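**Q** Would you mind keeping the following structure in view while I ask a few things?
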Amino acid sequence: MAAETRLLHFVAAMTRLVEAGPPDEARLLEGAQPLMKALVAHDDWLPEPMAAAHPQYYQQHLLYGDPLDRFSLVSFVWGPGQKTPVHDHTVWGVIGMLRGTECAQRYTRDAQGRIVASGAEATLRPGDIDTVSPTLGDIHVVRNGLDDQVSISIHLYGGNIGRISRHVFVPGTETVKDFVSGYSNALSPNLWARRLP
Ligand code: FE2
């Protein structure tokens, strides 16, 4: 496949997948994972503006937003040392590693309702994929695994992730705050921050 058609192929296949049956998390995760595996098997297709890092903030460049909000695709670009807060998604997600290294630590609630780390930190390298969802475990911290290089992962979500109201957490506490991530490449006005009337 030509490099310039990989993204188009992925979006077409995802559109067929969401149209082929009910918006069932298990069905979509099963169908989306091989598509993501294929997309991140080659690092030759991401346009340079979508691979641009920011000196201070990790970037979430919207690559594609399904017009019916059934899925969205984002390039996460990590500058050296950048990391997310502890957060959730509230929809299923598939993460594919394209370039560099990403480290992810899952969190859960303990018996007192506090947010605590769960299991060992996972390391993703190019070609690896990971999943999140309210069913499988939805709370984590993600960071660049490299101190001296940009890392890039491709994130697919079962909704318009930049517009979804979700949560950040303070580890060791029950504190929960609402947040909406938006997109780093937001136009003004951001087309994909709108919903159909
Ligand atoms: Fe996340």
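The values are calculated or read from the model by the stated rules, or taken from the named source; none is laboratory data. These figures come from a predicted structure and were not determined experimentally. Ideal geometry is used to build each Cβ from the backbone, glycine not excepted, and the neighbour counts take in all protein chains shown. Surface accessibility is based on the protein's heavy atoms, side chains included, excluding ligands, DNA and RNA. Shrake-Rupley method; radii C 1.70, N 1.55, O 1.52, S 1.80 Å.
**Q** Can you tell me how many residues within region 80-89 are under 12 Å from the mean Cα position of the chain (by Cα) and either on the phi > 0 side of the Ramachandran plot or among the charged types (D, E, K, R) (or both)?
**A** 1
**Q** Of all residues in region 8-20, count the ones that are open to solvent by less than 40 Å² (accessible area, probe 1.4 Å), among the aliphatic types (A, V, I, L, M) and closer than 16 Å to residue 47 by Cα.
**A** Total satisfying the criteria: 1.
**Q** Still on this model: Out of all the residues in region 66-78, is one or more closer than 17 Å to residue 103 by Cα and open to solvent by 70 Å² or more (accessible area, probe 1.4 Å)?
**A** No: region 66-78 contains no residue that is closer than 17 Å to residue 103 by Cα and open to solvent by 70 Å² or more (accessible area, probe 1.4 Å).
**Q** Here's a follow-up. Quick one: how many residues across region 42-52 are open to solvent by 50 Å² or more (accessible area, probe 1.4 Å), part of a loop (DSSP other than H, G, I, E, B) and either out of contact with any helix residue (DSSP H, G or I) (no Cβ under 9 Å at 6 or more places or on another chain) or among the aromatic types (Phe, Trp, Tyr) (or both)?
**A** 1
**Q** Of the residues that sit in region 94-128 and are open to solvent by less than 30 Å² (accessible area, probe 1.4 Å) and among the hydrophobic types (A, V, I, L, M, F, W, C), which one is farthest from residue 48 (Cα to Cα)?
**A** 115
**Q** Being open to solvent by 20 Å² or more (accessible area, probe 1.4 Å), aliphatic (A, V, I, L, M) and more than 24 Å from residue 56 (Cα to Cα) is true for just one of 180, 150, 91, 170. Which residue is that? It would help to see each step written out before you state the result.
**A** Details: 180 fails: more than 24 Å from residue 56 (Cα to Cα); 150 fails: more than 24 Å from residue 56 (Cα to Cα); 170 fails: more than 24 Å from residue 56 (Cα to Cα).
That would be 91, the only listed residue that is open to solvent by 20 Å² or more (accessible area, probe 1.4 Å), aliphatic (A, V, I, L, M) and more than 24 Å from residue 56 (Cα to Cα).
**Q** Then there is this: For residue 93, which of the numbered conditions (1) more than 16 Å from the chain's Cα centre (by Cα); (2) under 26 Å from residue 6 (Cβ atoms) fails to hold?
**A** Condition (1) is where residue 93 drops out.
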